[in-house]
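The structure appears below as structure tokens.
Read the figures in this text as sums done on the coordinates, not as results from a lab. Quick caveat, the model's predicted, so the values are computed rather than measured. Cβ coordinates were reconstructed from backbone atoms using ideal geometry, including for glycine residues, and neighbour counts include every protein chain displayed.
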Amino acid sequence: MKILVVGSGGREHALAWKLLQSSRVQQVICVPGNGGTALLKGCHNLGLNIDDFEGIGRFALVNGVVLVVIGPEVPLANGITDYLQKQGLKVFGPTRMGAQIEASKSWAKALMQEAKIPTARSLVFNQETAAQAYVKEQGVPIVIKVDGLAAGKGVTVASTIEEAQAAIAAAFGGQFGAAGNLVVIEECLTGQEVSILALTDGITIRPLLAAQDHKRIGDGDTGPNTGGMGAYAPAPIVTPELMQQIQTEILEPTIAHLQKRGIDYRGVLYAGLMITPDGSPRVIEFNCRFGDPETQALLPLLDSPLDELLLACAQQRLAEIPPIEWKSGVATCVVVAADGYPGSYSKGNFITGIAAAEEKEAVVFHAGTQLKQNNLITDGGRVLGVTAIGESFNQAIANAYAAVDCIQFEGMYYRRDIGHRVKTIPSASS
């Protein structure tokens with residue numbers, strides 16, 4: 001069968017790569033794809049914009065596409081699933097109403113309160129003066145979030161009043177456009193963050209392995225938040241008992257209350273959680289799509305056919321599919337970015353060494369790349385996701401960094417401590 005994947009990042013390259021491992025998948029079409037998907041055997045890039053719903057729908061219908069998989073959140077929030085479903089296409093990805101769980105933090109907070117899902121205390125503000133006064137009253141640390149989509153950059157964990165006030169001023173001052181018309185201010189949770197990506201057909205919901213992302217740009221989790229600088233899976237902090245608690249206290253009630261609101265949610269429900277010092281999970285935020293870079297760490301470990309799982313979600317028959325199976329071992333993904341990210345950065349720099357990197361027991365997923373006259377060039381802030389599997393985290397981390405060492409482009413930047421929470425230091429006798 002033919003499957004169409006919408007998006008151009010590392011997540012979409014990983015999805016296409018995994019889908020093509022199935023004997024049932026004849027071809028994957030990426031819209032618009034990137035340099036990596038252009039080089040992937042069995043994959044074809046289609047030069048349409050992700051907001052060209054009509055063009056995507058027409059191509060899928062004319063070419064017999066069985067399933068459309070939506071990668072990024074923006075087209076989901078803009079209603080791409082609603083449009084394609086009306087054309088008679090099967091889509092993996094929630095409708096516009098369902099995508100509000102990511103597109104509006106205030107909407108998601110209201111849903112969580114209704115469903116009694118454990119989360120941080122919060123208030124929503126539509127005026128800067130009131131928000132600034134509230135921060136002074138509450139003190140720090142405190143978290144400032146713009147309500148709408150901001151490419152992972154609309155959250156500030158403020159440790160000073162001045163930092164919180166600057167974040168509020170930026171939001172209401174238009175830095176994030178309409179996304180900052182409302183601001184959610186919430187208590188600062190402490191503990192370890194984990195990402196739980198779950199597949200759902202709107203009735204049944206099944207979690208994938210727990211993953212941990214590294215949001216901050218700098219080593220030691222310093223500097224501003226990014227879209228993610230690396231990830232690993234499975235996260236040891238999430239025990240089978242804790243995963244069961246997450247299933248019954250967070251995932252299932254969320255799907256039940258989406259149903260209660262008349263929302264038929266088919267796709268990924270991604271719960272960004274804080275595991276507090278007492279071991280209890282609390283929701284930081286929900287996302288309506290696969291995580292990036294968590295997907296690049298999870299899919300190499302997946303043993304079940306991805307096409308079968310996604311199609312079952314789109315056709316609302318996930319309960320009929322056997323339990324999800326996983327390979328043994330662990331995976332680590334190191335994101336290689338352009339210098340200056342998440343701020344301004346240059347594009348168009350030549351990339352070399354990917355073939356050598358993949359000889360180091362790693363797979364290189366392309367994010368911000370473009371194939372131009374048979375040359376790979378940089379075309380984004382996060383350029384590559386280098387993923388390696390190992391029997392231990394030490395081995396997976398070492399393999400990933402050995403592969404990163406083979407890659408070169410001008411202004412290349414990456415964190416050198418991905419996996420620091422799970423890496424064990426050898427004893428003197430070993």
* Structure fact -> Checked against the positive end of the charge dipole of the chain (+1 on Cβ of Lys and Arg, -1 on Cβ of Asp and Glu, about the Cα centre), the farthest of GLN244, GLY93, GLY139 is GLY93
* Taking amide hydrogens as modeled 1.01 Å from N in the peptide plane, which residues meet the under 5 Å criterion relative to VAL69, leaving out close sequence neighbours? -> LEU4, VAL5, VAL6, PHE92
* **Exposure proxy ranking, count of Cβ atoms within 10 Å, fewest first, for GLU193, GLU137, GLU54** => GLU137, GLU54, GLU193
* Over the chain: helical MRE at 222 nm, DSSP H runs n ≥ 4 each giving -39500 (n - 2.57), nearest 500 -> -8000 deg cm²/dmol
* **Cα Rg, Dmax (largest Cα-Cα span) when computed across the range 2-95, Å** => 11.8, 33
* Proximal lysines relative to LYS360, as straight alpha-carbon distance under 28 Å, when same-chain residues fewer than 8 apart are discounted -> LYS18, LYS41, LYS215, LYS327, LYS347, LYS372, LYS423
* Using the number of other C-beta atoms within 10 angstrom as an exposure proxy, rank TRP326, TRP17 with the fewest first. => TRP326, TRP17
* Asked: According to the square roots a ≥ b ≥ c of the eigenvalues of the Cα gyration tensor, what is the shape class of the chain, taking rounded for a/c under 1.5, prolate for a/b larger than b/c otherwise, and oblate for the remainder?
  -> rounded
* Asked: Using a basic spin-label model with each label point 7 Å from the Cα along Cα→Cβ, how many nm lie between LYS347 and GLN127?
  -> 4.1
* Using the Cα centre as the reference, give the magnitude of the dipole from point charges on the C-beta atoms of the range 168-268 (Lys, Arg: +1; Asp, Glu: -1; all else neutral), rounded to the nearest 20 debye. => 320
* Which FRET efficiency value, to the nearest 0.05, is calculated for GLU358 and GLN27 with the Förster distance at 25 angstrom and r the Cβ-Cβ distance? -> 0.65
* Asked: Roughly what would the spin-label model give for VAL62 and ASP339, points 7 Å off Cα along C-beta, in nm?
  -> 4.5
* To do: Place +1 on the Cβ of every Lys and Arg and -1 on the Cβ of every Asp and Glu in the range 192-320, take the dipole about the Cα centre, and give the residue among GLY230, THR254, GLY218 whose Cα lies farthest towards its positive end.
  => THR254
* Restricting the count to DSSP beta bridges whose residues both fall in the chain, what percent are antiparallel, rounded to a multiple of 5? -> 80
* To do: Under 20 Å from a label point 7 Å along Cα→Cβ of GLU187: give me every residue in the range 277-315 with its amide N that close.
  => 277-286
* Between beta-carbons, use under 14 Å as the cut-off and find the net charge around PHE59, counting Lys and Arg +1, Asp and Glu -1. => 0
* Asked: Along the charge dipole of the range 2-95, Cβ charges K/R +1 and D/E -1, which of SER23, ASN78, GLY42 sits furthest on the positive end?
  -> SER23
* Structure fact -> Final fewest-first order of TYR414, TYR265 on the 10 Å Cβ neighbour count is TYR414, TYR265
* Rounded, prolate or oblate: which one fits the range 192-320, using the alpha carbon gyration tensor with axes a ≥ b ≥ c (rounded when a/c is under 1.5, else prolate when a/b beats b/c, else oblate)? -> prolate
* **FRET efficiency for GLN113 and LYS136, using Cβ-Cβ distance with R0 set to 25 Å, rounded to 0.05** => 0.50
* Structure fact -> Scoring only Lys, Arg, Asp and Glu (+1, +1, -1, -1) among other residues with Cβ under 12 Å from the Cβ of HIS257 yields +1
* Cut-off 14 Å between beta-carbons: net charge of the residues surrounding ALA367, Lys and Arg +1, Asp and Glu -1 -> -1
* **Test item: Cα-centred dipole of the chain, Lys/Arg +1 and Asp/Glu -1 on Cβ, debye** => 620
* Asked: In whole percent, what relative contact order does the chain give with Cα contacts below 8 Å and a gap of six or more residues?
  -> 16
* To do: Quick one: dipole size for the range 330-413, taken about the Cα centre, charges +1 on Lys/Arg Cβ and -1 on Asp/Glu Cβ, in debye to the nearest 20.
  => 260
